[in-house]
Amino acid sequence: QVQFVESGGGLVQPGGSLRLSCAASGSIFSIYAMGWYRQAPGKQRELVAGITDGGRTNYLDSVKGRFTISRENAKNTVVLQMNSLKPEDTAVYYCNTARLGYKSMWPDARSSWGQGTQVTVSS
């Protein structure tokens, strides 16, 4: 089973940027599609961005044009660059496996959840 450690969160003002990183253990990381998920207080966890092993991406509509997901298989790392942050982006962010179709994506968490990283967008 692959394990994930998320980092890079923090407090940022609206309009600001953050870069989240996910370090994965396990040599099988490169064969899975990966995703960044988030969970806001009182809400269900949702998938916000996904990337296939080949680099094809998909995004939740509310983050399109603001968030960019990338991966570096040789380093077992997935990154989420978040720009133009809004208060509604406030949540704990997690990475895990995901499933991507041609123009869609689905939650498909195959490993235990890490501790996540807190993102707070507030003035």
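The values are calculated or read from the model by the stated rules, or taken from the named source; none is laboratory data. Here the structure is a predicted model, which is why all the values come from computation and not from measurement. Cβ coordinates were reconstructed from backbone atoms using ideal geometry, including for glycine residues, and neighbour counts include every protein chain displayed. Remember, those area values only see protein heavy atoms, side chains included, never the ligands or the DNA or RNA. Shrake-Rupley method; radii C 1.70, N 1.55, O 1.52, S 1.80 Å.
I want to confirm something. Restricting to segment 105-119 and keeping residues that are over 17 Å from Ile31 (Cα atoms) and in contact with a Gly (Cβ under 9 Å, 6 or more places away or on another chain), which single residue is most open to solvent (accessible area, probe 1.4 Å)? Of everything passing the filter in segment 105-119, Gln118 is most open to solvent (accessible area, probe 1.4 Å).
Of all residue pairs spaced 6 or more apart or on separate chains, those with beta-carbon atoms under 6 Å, a first member in segment 78-96 that is farther than 15 Å from Val121 by Cβ and a second member that is among the small types (Gly, Ala, Ser) and not in a loop (DSSP other than H, G, I, E, B) are Val79/Ser21; Val79/Ser70. For segment 70-123, the set of residues classified as more than 16 Å from Asn58 (Cα to Cα), within 15 Å of the chain's Cα centre (by Cα) and of a type in the set (Asp, Glu) consists of Glu72, Asp89, listed by residue number. Looking only at residues that are at pLDDT 95 or above, surrounded by fewer than 16 Cβ atoms within 10 Å (Cβ to Cβ) and not in a strand (DSSP E or B) in segment 1-30, which one is nearest to the chain's Cα centre (by Cα)? By that ranking, first place goes to Ser17.
Listed by position, the strands (runs of 3 or more DSSP E) contained in segment 31-89 that have at least 2 residues being open to solvent by 60 Å² or more (accessible area, probe 1.4 Å) and more than 18 Å from Trp113 (Cα to Cα) are 67-72. You will find that of Gly50, Gly55, the residue that is more than 23 Å from Gly10 (Cβ to Cβ) and modelled with pLDDT under 95 is Gly55 and no other.
The selection criterion, being farther than 15 Å from Ala23 by Cβ and either free of Cβ contacts under 8 Å to residues at least 12 places away in the same chain or touching a strand residue (DSSP E or B) at 6+ places or on another chain (Cβ under 7 Å) (or both), holds for Thr120.
From Ser62, Ser7, grab the single residue that is within 21 Å of Thr120 (Cβ to Cβ), of a type in the set (S, T, N, Q) and touching a strand residue (DSSP E or B) at 6+ places or on another chain (Cβ under 6 Å). Outline the logic, then answer.
Working: Ser62 fails: touching a strand residue (DSSP E or B) at 6+ places or on another chain (Cβ under 6 Å).
Step by step, each of Ser62, Ser7 is checked, and only Ser7 is within 21 Å of Thr120 (Cβ to Cβ), of a type in the set (S, T, N, Q) and touching a strand residue (DSSP E or B) at 6+ places or on another chain (Cβ under 6 Å).
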